[in-house]
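Student: Take this structure first; my questions come after.
The values are calculated or read from the model by the stated rules, or taken from the named source; none is laboratory data. This structure is a prediction, so every number in the text was calculated from the model and none was measured. Because the Cβ atoms are built from the backbone with ideal geometry, glycine has one as well, and the counts that use them run over all protein chains shown. To get the accessible areas, we keep the full protein, side chains included, count just its heavy atoms, and leave off ligands, DNA and RNA. Shrake-Rupley method; radii C 1.70, N 1.55, O 1.52, S 1.80 Å.
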Amino acid sequence: IHAAMHRANWQMQESVTLETAIKAHTIDAAYAAFREHELGVLKAGYLADLVILDPDFLHLDSFDLPPDDLVKEVYIGGKRVTPTT
């Protein structure tokens, strides 16, 4: 998402908004995989694999390394698991 928004100062005309980047990585990706009826949105009955990130990552510069504690929580199949780096 960060790379899609910042493009690392390369092909900046291809950068997108946060909303567009999230949509591309969720519902649009599910649609491309013909799985939009089971993936891509937080909705009852849909598969839920997701991560909760420190929101400050959006303010990193293009070439900054993400902080070690970027990932706050991880859910696989709707169940919380321990994040690994």
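Student: Select from segment 1-40 the residues that are at positive phi and open to solvent by less than 50 Å² (accessible area, probe 1.4 Å) and write down the one among them that is modelled with the highest pLDDT.
Tutor: Within segment 1-40, the match that is modelled with the highest pLDDT is G40.
Student: Given the criteria in contact with a strand residue (DSSP E or B) (Cβ under 7 Å, 6 or more places away or on another chain) and either among the polar types (S, T, N, Q) or not in a strand (DSSP E or B) (or both), does P66 qualify? Write out each step before concluding.
Tutor: Working: in contact with a strand residue (DSSP E or B) (Cβ under 7 Å, 6 or more places away or on another chain): no; either among the polar types (S, T, N, Q) or not in a strand (DSSP E or B) (or both): yes.
For P66, the condition - in contact with a strand residue (DSSP E or B) (Cβ under 7 Å, 6 or more places away or on another chain) and either among the polar types (S, T, N, Q) or not in a strand (DSSP E or B) (or both) - is not met.
Student: Turning to a different aspect of this structure: Which pairs have Cβ atoms under 9 Å, sit 6 or more apart or on different chains, and link a residue in segment 1-25 that is under 17 Å from I52 (Cα atoms) to one that is among the aromatic types (F, W, Y)?
Tutor: Pairs found: I1/F57; H2/F57.
Student: Same structure again: Scan segment 58-85 for residues that are surrounded by 11 or more Cβ atoms within 10 Å (Cβ to Cβ), among the small types (G, A, S) and over 30 Å from E14 (Cβ atoms) and report the count.
Tutor: 1
Student: Being at positive phi, in a loop (DSSP other than H, G, I, E, B) and open to solvent by less than 50 Å² (accessible area, probe 1.4 Å), is that true of even one residue in segment 48-57? Quick ask: steps written out before the conclusion?
Tutor: Applying the first criterion (at positive phi) to segment 48-57 yields none.
Checked segment 48-57: no residue is at positive phi, in a loop (DSSP other than H, G, I, E, B) and open to solvent by less than 50 Å² (accessible area, probe 1.4 Å).
Student: Considering only segment 26-47, state which residues are assigned to a loop (DSSP other than H, G, I, E, B) and either in contact with a helix residue (DSSP H, G or I) (Cβ under 7 Å, 6 or more places away or on another chain) or touching a residue at least 12 places away in the same chain (Cβ under 8 Å) (or both). First the steps, then the outcome.
Tutor: As a first pass, look at segment 26-47 and keep what is assigned to a loop (DSSP other than H, G, I, E, B): 26, 33-47.
T26, E36, L39, G40, V41, L47, listed by residue number.
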